[in-house]
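Presented below is the structure to which this report refers.
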Amino acid sequence: MAKFKKVLIANRGEIAIRIIHACQELGIKTVAVHSTEDSSAMFVKMADESVCIGPALASESYLDKSAILSAAVITGADAIHPGYGFLSEKADFAEMAEEHGIVFIGPSSKLIAKMGDKVEAKRTAIETGIPVVPGSDGDLPDLDTALKVAKEIGYPVILKAASGGGGKGITIIRKEADLRSKFLITKSEAKASFDDDRVYMEKYLERPKHIEIQVLADNYGNVVTLAERDCSLQRKHQKVMEEAPAIVLDEKTREDICSKVRNAVKSIGYTNAGTIEFMYQDGKFYFMEMNTRLQVEHPITEMITGVDIVKEQIRIAMGEKLSVKQEDIKIKGHALEFRINAEDPDTFVPWPGTIDKINVPGGLGVRIESGVYAGYKIPSFYDSMIAKLIVFADTRQDCLVRAEHALREFVVDGVRTNLPLHKELIKQKEVIDNANYDNNWLEKWIAKHNEEKAKLAEKEKQKATEQARKYAKKQKSDMQKLTGKGVEKVKHRK
């Protein structure tokens, strides 16, 4: 296949800029599609061409398949890079691109559909020898079946939407009564969110870590794994901070699971970039899902392996072989990624608005991926992430020290951000040790942290009230003394 001359980027923000950079280095022109709300966004200014595809609402712009394909056709784009989110895992969009003779930079539409269906993906994992969490063989047609499976694997269990993702469509069930009351509700919520009411069941692991394996595969049967990432610091199933590699894994354990992943990926004929996500508890891996796209946290893998994942994606889509072999992949150093969001650091409510001032950290081992600038107005229509701070060093300890300095230097004025949360997290013993936190730790820590802040605020309030009371009492006493002296003087004059 000939080299691409022009790639359309079906995304926005920092990931659109990341793809533009990769294309520039490969000598490929870029087309940015954007909503009316994003007309002045940095990614639009950086692309060689831009096309407005609709109004602010994502459903009428970034999720409008026909508008994006039309933009690709009229600009003469050879390929579409979907980034992550939006249409990146929509099999029908990939199929539409294929039918129009436009290369979708990712796996085939059939593989996206196969691995995007959580039930089918779990079946595939079992067939290819990847360990899975005990649970139902497929979707649960009715409550009686759900009750039977739950009894077999034991409570607690977790109900998951077959088409779910991003932490949505998940219900934890701790007893039979909860299953009876929440089964139909979960199915209804799955239907409303994903237009698919199928749900399946798995054993709920109480203290797992979230470990994911990055993979690259070309069209010639070559497959490499780029080690793993630990993404256990999550809030409501949304990742907050990630790191690579996972220090809880030794080299033997790492190679064992990576070998299983490579064999599975090769057996299903997967191509391009992908990530297989696992829960890891008591020294055992349990398959969660496969993401058939680029991940938000891909930079930390690039930092420790030296492999440019986005450029590899594009090369694979152009029909080239992988530029690296498995024996070339060496883990060097440690990397952390912090998702900087425009949100209230206590309530996590999104905080759109205009950035008055922004100062990003720099120095050796510090990488910033962002699409904002001073004077930029953060829209209320999209994800609240405004930047990713990636920090790299030779050791994890050095990386933590460097991260603490970088977070201190990072300043955003005009909107609230979660920078205070990251600054606190990086100091916690459990985070420093990395041995004592799991997927559920951050939720508990935030609840405890907020409770302590509330108690401290109440103490400060009581202290201020007591000080005000003492001051008022002193003023009254002083006034009485002055008044008394005045009376004495009057008496003396008489």
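Values quoted throughout were computed directly from the atomic coordinates according to the rules given, and no laboratory measurement underlies them. Note that the structure is predicted; figures quoted are calculated from it, not measured. For neighbour counting, all protein chains shown are included, and Cβ atoms are generated from backbone atoms with ideal geometry for every residue, glycine included.
Along its three principal directions, the equivalent ellipsoid of the chain from the Cα gyration tensor extends over semi-axes of 47, 30, 24 Å, largest first.
Applying 0.36 nm per residue to the separation of Lys455 and Lys377 and subtracting their alpha-carbon distance, the gain on full extension is 24.6 nm.
Pairs spanning more than 29 Å between alpha-carbon atoms, out of Lys148/Lys168; Lys357/Lys459; Lys455/Lys476; Lys118/Lys332: Lys357/Lys459; Lys455/Lys476; Lys118/Lys332. The charge dipole of the range 395-454, taken about its Cα centre with unit charges on the Cβ of Lys, Arg, Asp and Glu (plus for the first two, minus for the last two), comes to roughly 80 debye. Here's the picture: charge each Lys and Arg Cβ at +1 and each Asp and Glu Cβ at -1 in the range 240-383, and of Pro352, Met288, Ile331 the one pushed furthest to the positive end of that dipole is Ile331. Taking label positions 7 Å along the Cα-Cβ direction at both Gln475 and His405, the computed distance is 4.9 nm, reported to one decimal. For the range 31-122, the relative contact order is 20 percent, taking Cα pairs closer than 8 Å that sit 6 or more residues apart in sequence and dividing their mean separation by the residue count. Here the dipole of the range 1-107 is about 340 debye; that uses its Cα centre as origin and unit charges on the Cβ of Lys and Arg (positive) and Asp and Glu (negative).
A protection proxy built from the mean count of other Cβ atoms within 10 Å ranks the segments 253-262, 179-188, most packed first, as 253-262, 179-188.
Our helix-only sum for the chain, with -39,500 (n - 2.57) per DSSP H run of n ≥ 4 divided by its residues, gives a mean residue ellipticity at 222 nm of -13000 deg cm²/dmol. Between the alpha-carbon centres of the range 60-90 and the range 131-194 there is a gap of 34 Å. Only one residue of Pro208, Thr253, Ile268 has its Cα farthest out toward the positive end of the dipole of the range 150-284, where Lys and Arg carry +1 and Asp and Glu -1 on Cβ, and that residue is Pro208.
Farthest towards the positive end of the charge dipole of the chain, among the residues Gln24, Leu8, Thr483, is the Cα of Thr483, using unit charges on the Cβ of Lys, Arg, Asp and Glu. Partner aspartates and glutamates whose Cα lies under 20 Å from the Cα of Lys252, excluding those fewer than 8 positions away in the same chain, are identified as Glu212, Glu228, Asp230, Glu243, Glu277, Asp282, Glu327, Asp328.
If you plug the beta carbon distance of Ile247 and Gln467 into 1/(1 + (r/R0)^6) with R0 = 60 Å, you get a FRET efficiency near 0.80. Evaluated with a Cβ-only charge set (Lys, Arg +1; Asp, Glu -1), the range 160-245 carries a dipole of roughly 520 debye about its Cα centre, given to the nearest 20.
Summary value for the chain: 13 percent relative contact order, contacts being C-alpha pairs under 8 angstrom separated by 6+ residues. Taking amide H positions as modeled 1.01 Å from N, with prolines and chain starts lacking one, the residues under 5 Å from Val33 and 5 or more places away or on another chain are Ile9, Asn11, Val51.
Applying a threshold of 29 Å to the alpha-carbon distances of Lys90/Lys260; Lys90/Lys122; Lys239/Lys427; Lys3/Lys260 flags Lys3/Lys260 as lying beyond it.
Sorting the segments 65-71, 238-244 by their residues' average number of neighbouring beta-carbon atoms within 10 angstrom, most packed first, yields 238-244, 65-71.
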